[in-house]
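Worksheet for the structure shown next.
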Amino acid sequence: MTAERKLTMAQAVAEAIGQEMERDQKVFVLGEDIGRYGGIFSATGGLLDRFGPERIMDTPISETAFIGAATGAAAEGMRPIAELMFVDFFGVCMDQIYNHLAKNIYMSGGSLKLPVVLMTAIGGGYGDAAQHSQCLYSVFAHVPGLKVVVPSNAYDAKGLMTQAIRDDSPVMVFLHKGLMGLPWMQYYEGATTTVPAEAYALPFGQAAVVREGKDLTIVTISQMVQKALLAAQTLQAQGVDVEVIDLRTLVPLDVDTVIRSVAKTGRLLVADEDYLNFGLSGEIAALVAERLDGVVLKAPIRRLGVPGVPIPYSRPLEQAVIPSVERLVDACRSLIGARMKAAA
């Protein structure tokens, strides 16, 4: 019988890494505070004692150096996992990510494999201020050559991390701080799920319909999935049946699942904790507009996201810019009340 138990997302990620390190001696981890400390968000907890400092490697504070080292190691046949502590820190190492990790398979004519996992923490809501609170996954989804994975719960996190480690291309895994299940940080309990003990992999590019509904579709990712499910519960009590789509990966992107859902409900809200400007919400809205051939929408597509401002340190201001469950409910109510204007 399959052994199952509930894990936090941090525990699930660490378990996936540990199982892949046992399976493949070429897998190793490097980054800041990932050894004895277990990672600032516990994604490598307990691994140093099991595998030792030659495979769980604490590095100096030099993101350019250790991401470059990971890229070189992958080119020589290793399978490194590098942790960029906060995604906001990408500015000091973007050349290694954008010009080397993302491009060198193409620039080698396909002769290189670069099986690097670059995992990083995202998200606000904790007073971490403007340099530690962004999501920014759309920045990297814009870069050819990178796969982009953003789990919303422990089950998905383990399966997607396993798939990422086994992939021969660079994969970025974005882990929201508010989903990790850390005792010292408030988190959404829906992210702690039943997780099989054995190793398993979830394929990229397959969105999940995490709640079925008939009146309206919410398309989202990461912590916003948990907020959308709570909003759907509130709306159900008011007679509105909401379908919630968890994209799970941005690259590759499962557009077909989104189209099927919107064709059924006729209404779409794209909810995102990343910036509205030039991001995920605009991409999904455009793809639906291009591909929803012959389907009449019941209301204009609506987007909900972070306005174009740095994430504030002030708690009231931070809460004002990051979409909440209440704002999701309000946006859905507005969509239900809206009607498409007749063509002139």
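Data for the structure
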quantity: Number of positions in region 15-29 that are free of Cβ contacts under 8 Å to residues at least 60 places away in the same chain, open to solvent by less than 10 Å² (accessible area, probe 1.4 Å) and under 20 Å from I67 (Cα atoms); calculated: 2
quantity: Residue ID - least open to solvent (accessible area, probe 1.4 Å), chosen from residues in region 221-255 that are of a type in the set (S, T, Y) and either in a loop (DSSP other than H, G, I, E, B) or more than 30 Å from G145 (Cβ to Cβ) (or both); calculated: S222
quantity: Yes/no for L160 being under 30 Å from A102 (Cβ atoms) and open to solvent by 10 Å² or more (accessible area, probe 1.4 Å); calculated: no
quantity: The listed residue being over 21 Å from K227 (Cβ atoms) and surrounded by fewer than 24 Cβ atoms within 10 Å (Cβ to Cβ), out of P170, P196; calculated: P196
quantity: All positions within region 72-101 that are closer than 26 Å to K158 by Cβ, open to solvent by 10 Å² or more (accessible area, probe 1.4 Å) and not acidic (D, E); calculated: A73, G77, M78, R79, M85, F86, F89, F90
quantity: Region 130-157 - residue that is of a type in the set (G, A, S) and under 18 Å from V116 (Cα atoms) and, of those, least open to solvent (accessible area, probe 1.4 Å); calculated: A157
quantity: Matching residues in region 105-114 - criterion: being assigned to a helix (DSSP H, G or I) and free of Cβ contacts under 8 Å to residues at least 40 places away in the same chain; calculated: Y106, M107
quantity: Criterion: touching a residue at least 12 places away in the same chain (Cβ under 8 Å) and either at positive phi or in contact with a Leu (Cβ under 9 Å, 6 or more places away or on another chain) (or both) - qualifying residue of I322, I301, I245; calculated: I301
quantity: Any strands (runs of 3 or more DSSP E) falling wholly within region 137-204 and containing at least 1 residues that are at pLDDT 95 or above, touching an Asp or Glu at 6+ places or on another chain (Cβ under 6 Å) and of a type outside the set (S, T, N, Q); calculated: 193-196
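The values are calculated or read from the model by the stated rules, or taken from the named source; none is laboratory data. Remember, predicted model here, so these are calculated numbers, not experimental data. Reconstructed Cβ throughout: ideal geometry from the backbone, glycine too, with neighbour counts over all protein chains shown. Remember, those area values only see protein heavy atoms, side chains included, never the ligands or the DNA or RNA. Shrake-Rupley method; radii C 1.70, N 1.55, O 1.52, S 1.80 Å.
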